[in-house]
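**Student:** Shown below is the structure under consideration.
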Amino acid sequence: MEILITIVSISGIATLLAILIVLADKFLNNYGQCNISINNGDKTFVIQGGQNLLSSLAEQKIYIPSACGGKATCGLCKVKVVDGAGPLLPTEEPFLTEQEKLDGVRLSCQVKIKRDISILIPEEYFSIKQYKATVMKINDMTHDIKEFSFRLDEPTTIDFKAGQYMQIETKPYGKIKEKAIRAYSISSSPSDKNHIELIVRRVQGGICTTYMHDYLNVGDQVILTGPQGDFYRRDDSESYIFMAGGSGLAPIKSIIMDIVEKGLDKEMYFFFGAVTKKDLYYIDYFTQLEKDYPKFHYIPALSGPLPEDDWKGDVGLVTNVMLQHIKDGSEMHAYLCGSPGMINACIKVLTGVSFREDKIFYDKF
């Protein structure tokens with residue numbers, strides 16, 4: 001009985017403290033109305049203080065690129081703060097260079113608005129929009145990858161550069177009580193302005209991927225925000241190599257489709273790395289494209305093919321396979337999409353065959 005009374009007492013005290021903290025934040029940390037000035041006063045508005053800068057801007061339909069939805073794990077939501085940000089937080093430090101710190105660059109998701117603030121953001125951010133969309137198709141691509149096709153309902157059209165990404169907003173499900181926001185690369189062609197396709201790989205325990213794989217159905221409505229990102233094709237090269245693994249195929253597919261549809265005379269090598277044959281997808285599409293477009297070369301590689309795969313293609317890590325086909329990249333551009341480890345390995349190998357680092361573009365996910 002004494003143990004039970006002790007447990008109840010501790011729980012009661014903890015609950016009381018939590019209530020007091022909430023009340024203190026509401027009444028003692030009442031920052032009142034604060035002004036946000038953007039680009040030297042080109043845009044100004046008034047908000048209630050206490051929110052972070054990322055969400056405050058979103059409420060004004062100004063969407064700062066962010067892949068993690070404001071969790072301080074992606075480091076993409078950078079803005080330059082001229083005045084009013086407060087001290088730099090430890091959560092921001094890993095994502096900022098020394099020069100960025102000197103220039104006043106901050107992560108907007110970590111800047112809490114407590115007083116008037118003045119910021120500078122690129123003009124292209126004003127073209128990022130929020131879209132209401134409907135799920136039209138869901139295709140199983142592999143055992144852990146699905147492709148989602150969305151019809152844009154409001155607005156009904158979009159302009160994006162091949163390689164960019166969209167954010168999707170999930171709804172509460174199961175034990176998840178709050179919405180989440182995550183970013184996924186667009187896999188469809190920019191020529192289709194009424195639809196968006198996303199390729200999503202299941203992440204064990206991932207809030208958003210679990211929602212999309214297990215809870216999202218055809219006919220459901222979602223909120224998409226974009227387009228975002230600076231991973232897109234530059235046009236000052238006649239030869240490209242593309243390297244990807246898993247769902248990293250998405251932006252590469254979009255870029256390749258864009259080149260082919262525009263009839264551009266570009267030499268292209270697409271190296272796709274997987275472990276076994278069950279991890280490959282879009283094989284028929286790229287194989288047929290190789291036949292129809294003589295300057296396109298499709299090289300899938302398996303690092304651990306199984307006997308039952310009866311694999312006749314290239315075997316090994318995608319970086320090593322690339323070296324068997326490309327001996328000099330001094331006049332080429334490289335576009336990479338995959339895990340940070342894969343990207344780092346690719347950059348090391350590419351620079352070893354004369355690729356210029358400023359001509360290597362990548363999207364880490």
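Just so it is clear, none of the values below were taken in a lab; they were calculated from the coordinates. Small disclaimer: the values here were computed from a predicted structure and weren't measured. In this analysis, Cβ positions are derived from the backbone assuming ideal geometry, glycine residues included, and neighbour counts consider all displayed protein chains.
**Student:** Please work out whether region 239-364 counts as rounded, prolate or oblate from its C-alpha gyration tensor, where a ≥ b ≥ c are the square roots of the eigenvalues and a/c under 1.5 means rounded, while otherwise a/b larger than b/c means prolate and anything else oblate?
**Tutor:** In terms of gyration-tensor shape, oblate.
**Student:** Separate question: Taking 0.36 nm per residue of separation and subtracting the Cα-Cα distance, what length does fully extending His195 through Lys175 add? Don't jump to the answer; show the numbers that get you there.
**Tutor:** Working: separation 20, 0.36 × 20 = 7.20 nm, distance 3.12 nm.
Length gained between His195 and Lys175: 4.1 nm.
**Student:** Can I ask one more? Out of Gly341, Gly69, Gly246, any idea which swings most in a Gaussian network model of the chain, alpha carbons joined below 10 Å?
**Tutor:** Among Gly341, Gly69, Gly246, the largest mean-square fluctuation in the Gaussian network model of the chain belongs to Gly341.
**Student:** Among the complete DSSP H segments of the chain, which ones combine at least 30 Å of alpha-carbon extent along their axis with a mean Kyte-Doolittle hydropathy of 1.6 or more?
**Tutor:** Within the chain the helices that satisfy the rule are 2-27.
**Student:** Do you know the relative contact order of region 239-364, to the nearest whole percent, from alpha carbon pairs under 8 angstrom that are 6+ apart?
**Tutor:** Details: 201 pairs, mean separation 34.4, N = 126.
This gives 27 percent for region 239-364.
**Student:** Same structure again: Express in whole angstrom the spacing between the alpha-carbon centres of region 96-143 and region 38-93.
**Tutor:** 8 Å
**Student:** At q = 0.08, 0.11 Å⁻¹, what base-10 log of I(q)/I(0) does the Debye formula yield for the chain when every alpha carbon is treated as an equal point scatterer in vacuo?
**Tutor:** Values returned for q = 0.08, 0.11 Å⁻¹ are -0.49, -0.86.
**Student:** How about region 50-146: which trypsin sites (Lys or Arg not before Pro) there are in a DSSP loop, with at most 14 other Cβ atoms within 10 Å of their Cβ?
**Tutor:** Here the trypsin sites (Lys or Arg not before Pro) that fit, given the DSSP loop and packing criteria, are Lys61, Lys71, Arg115.
**Student:** Taking the Cβ of Gln221 as the centre, find all other residues whose Cβ is under 15 Å away and add up their charges (Lys, Arg: +1; Asp, Glu: -1). Walk me through the numbers before you get to the answer.
**Tutor:** Working: positive: Lys132, Lys137, Arg151, Lys171, Lys179; negative: Asp153, Glu154, Glu169, Asp220.
So the environment of Gln221 carries a net charge of +1.
**Student:** Given 5 Å bins starting at zero, what is the percent of C-alpha pairs of region 128-228 in each, up to the one with the largest pair distance?
**Tutor:** 3, 13, 25, 28, 19, 9, 3, 0
**Student:** Set the Förster distance to 41 Å, then compute FRET efficiency between Leu317 and Asp140 from the Cβ-Cβ distance, nearest 0.05. Write down the numbers at each step before the final one.
**Tutor:** Details: r = 27 Å, r/R0 = 0.65.
E(calc), rounded to 0.05, equals 0.95.
**Student:** Would you tally the net charge around Cys34, using a Cβ to Cβ cut-off of less than 10 Å, leaving Cys34 out, and scoring K and R as +1, D and E as -1?
**Tutor:** Net charge in that neighbourhood comes out at +1.
**Student:** Full-extension gain between Asp310 and Ile283, please, as 0.36 nm times their residue separation minus the C-alpha to C-alpha distance.
**Tutor:** Gain in length upon complete extension: 8.2 nm.
**Student:** Amide H neighbours of His297 under 5 Å, at least 5 residues apart or on other chains, H built in the peptide plane: list them.
**Tutor:** Amide H neighbours of His297: Met268, Tyr269, Phe270.
**Student:** Can you work out the Karplus-derived ³J(HN,Hα) for every residue in region 239-248? Use 6.51 cos²θ - 1.76 cosθ + 1.60 with θ = phi - 60°, whole Hz, and x for glycine or proline.
**Tutor:** Per residue, the Karplus-derived 3J(HN,Hα) values read 9, 10, 10, 10, 9, 8, x, x, 6, x Hz.
**Student:** Select from Arg182, Arg234, Arg201 the residue whose mean-square fluctuation is largest in a Gaussian network model of the chain (Cα-Cα springs shorter than 10 Å).
**Tutor:** Checking each option, the largest mean-square fluctuation is seen for Arg234.
**Student:** If I stretch the segment between Asp83 and His325 completely, what's the gain in nm (0.36 nm per residue apart, minus their alpha carbon distance), one decimal?
**Tutor:** Full extension from Asp83 to His325 adds 81.9 nm.
**Student:** Moving to a separate point now. For region 175-313, what class follows from the C-alpha gyration tensor (a ≥ b ≥ c being the square roots of its eigenvalues): rounded when a/c is under 1.5, otherwise prolate if a/b is larger than b/c, else oblate? Walk me through the numbers on the way to the answer.
**Tutor:** Details: a/c = 2.26, a/b = 1.28, b/c = 1.77.
Because a/c hits 1.5 or more and a/b fails to exceed b/c, region 175-313 counts as oblate.
**Student:** If you average 1/r over all unlike Cα pairs in region 204-259 and invert the result, what Kirkwood radius do you get in angstrom? Present the calculation step by step, with values, prior to reporting the outcome.
**Tutor:** Numbers: mean 1/r = 0.0692 Å⁻¹.
Kirkwood radius, region 204-259: 14.5 Å.
**Student:** A further question on this structure: Which value in nm describes the separation of the simple spin-label points at Lys132 and Leu120, placed 7 Å from the Cα toward the beta carbon?
**Tutor:** 3.8 nm
**Student:** Round to the nearest 0.05 the FRET efficiency obtained for Val275 and Glu93 when R0 = 45 Å and r is the Cβ-Cβ distance.
**Tutor:** Details: r = 36 Å, r/R0 = 0.79.
For R0 = 45 Å, the calculated efficiency reads 0.80.
**Student:** According to the square roots a ≥ b ≥ c of the eigenvalues of the Cα gyration tensor, what is the shape class of region 33-124, taking rounded for a/c under 1.5, prolate for a/b larger than b/c otherwise, and oblate for the remainder?
**Tutor:** rounded
**Student:** Pick from Glu124, Glu331, Glu197: which residue has the top mean-square fluctuation in a GNM of the chain where Cα pairs under 10 Å get a spring?
**Tutor:** Of Glu124, Glu331, Glu197, the Gaussian network model singles out Glu124 as fluctuating most.
**Student:** Hey, what do the phi angles of region 168-183 turn into as Karplus ³J(HN,Hα) couplings, whole Hz, using 6.51/-1.76/1.60 and θ = phi - 60°, x for Gly and Pro?
**Tutor:** 3J(HN,Hα) across region 168-183, in whole Hz: 10, 9, 8, 10, x, 7, x, 8, 7, 9, 10, 6, 10, 10, 9, 10.
**Student:** Another one. So for the pair Val218, Phe45, with labels modelled 7 Å out along Cα→Cβ, what separation do we get in nm?
**Tutor:** 3.8 nm
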